[in-house]
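What follows is one structure encoded as structure tokens, with my remarks underneath.
What follows draws every value from the coordinates through simple rules; no lab data is involved. A quick note: this is a predicted structure, and the numbers were derived from the prediction, not measured. FYI the Cβ positions are ideal-geometry reconstructions off the backbone, even for glycines, and counts take in every protein chain you see.
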Amino acid sequence: MAGALLSTPNRVSLERLVQVAKERGYTAQGEMFSVADMAKLAQETLGCQAELLCGGLGGPNRDGVLQHLITGHPLLIPYDEDFNHEPCQKKGHKAHWAVSAGVLIGVQNVPSPGYIEDSELPGLFHPVPGAPHQPPSFPEESSPGAIFLLSKQGKSWHYQLWDYSQVRDSNLQLTDFSPARAADGRVYVVPAGGVKAGLCGQALLLSPQEGSHQLGLGHLPQLNPAH
């Protein structure tokens, strides 16, 4: 899904992704409990830039994440998946990956030049592709329901709008390996330090390689490293 959003020249099949991940020792069954390994897999197979974000989606990292999404580049987020694919808090027992393809931000005023109003939904504005535009002023982090991520989990048929704070909180509590998986007799690749070290408070910002023909903000520095 992220490769499609990046418009990579060559589509990479799921089978190829799993094959490379197994060859590199990142996975045994298709699981991926390391954001760092996911970054290396994305760079090798999609030919993109993959920036590892540590320290969670909130605080000083929030504006960088929002600016990345406004630019039109995907975000990969590990989180606990509820029965309806939305974020929940199960201490990592339901850990899955989601891709965010955009963001919906509630603002008080009409955005500055560079945005166009949706033809079907009055009050909804989109950045004009290729046109210079200033990102809107982001709501305070304490404002509930002001920011939503347009996200999709692999088993879902449709994109959903998830409250940013719920995604942030789900991502921050990935600490334990699922007891059900631990007891199923199968072998899984879990990084040193477990699920907490591999997933908790981490995400990936994917963008095209510098020098490509696509428009974007380019290379973002690693944000708030935990180590």
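Of note:
- Ranking of Lys152, Lys22 by count of other Cβ atoms within 10 Å, fewest first: Lys22, Lys152
- Dividing the summed -39500 (n - 2.57) terms of all DSSP H runs of n ≥ 4 by the residue count of the chain sets its mean residue ellipticity at 222 nm at -6500 deg cm²/dmol.
- For Leu5 and Ser143, a Förster radius of 25 Å and the Cβ-Cβ distance give a FRET efficiency of 0.35, rounded to the nearest 0.05.
- For the range 151-211, the pair-distance distribution built from all alpha carbon pairs, in bins 10 Å wide starting at 0, is 17, 34, 37, 11, 1 percent.
- Projected label distance in nm at Gln160 and Gln29, using a 7 Å step from Cα toward the beta-carbon: 2.3 nm
- Just so you know, the averaged projected area of the alpha carbon convex hull for the range 93-223 sits at 11.5 nm².
- Put in line by how crowded their Cβ is, counting other Cβ atoms within 10 Å and starting with the fewest, Ser119, Ser143 read Ser119, Ser143.
- Long-range HN-HN contacts of Val103 with modeled amide H, under 5 Å: Leu150
- Shape class of the range 38-166 from the Cα gyration tensor (axes a ≥ b ≥ c, square roots of the eigenvalues): prolate, since a/c reaches 1.5 or more and a/b is larger than b/c.
- The range 196-206 - phi-based ³J(HN,Hα) in whole Hz, Karplus 6.51/-1.76/1.60, Gly and Pro as x: 4, 6, x, 10, 4, x, 10, 7, 10, 9, 9
- Legend: ranking of residues Tyr164, Tyr26 from fewest to most surrounding C-beta atoms inside 10 Å; resulting order Tyr26, Tyr164.
- The structure-derived value of semi-axes √(5λ) of the Cα gyration tensor in Å appears in the list (1) 38, 29, 12; (2) 37, 20, 18; (3) 30, 21, 16 under the label (3).
- Taking every lysine pair in the chain that is 8 or more places apart or spans two chains, those with Cα atoms closer than 23 Å amount to 16.
- The P(r) of the range 11-55 has a tail past 12 Å containing 59 percent of all C-alpha pairs.
- Where labels lie 7 Å past Cα in the beta-carbon direction, separation of Gln108 and Gln134 in nm: 1.5 nm
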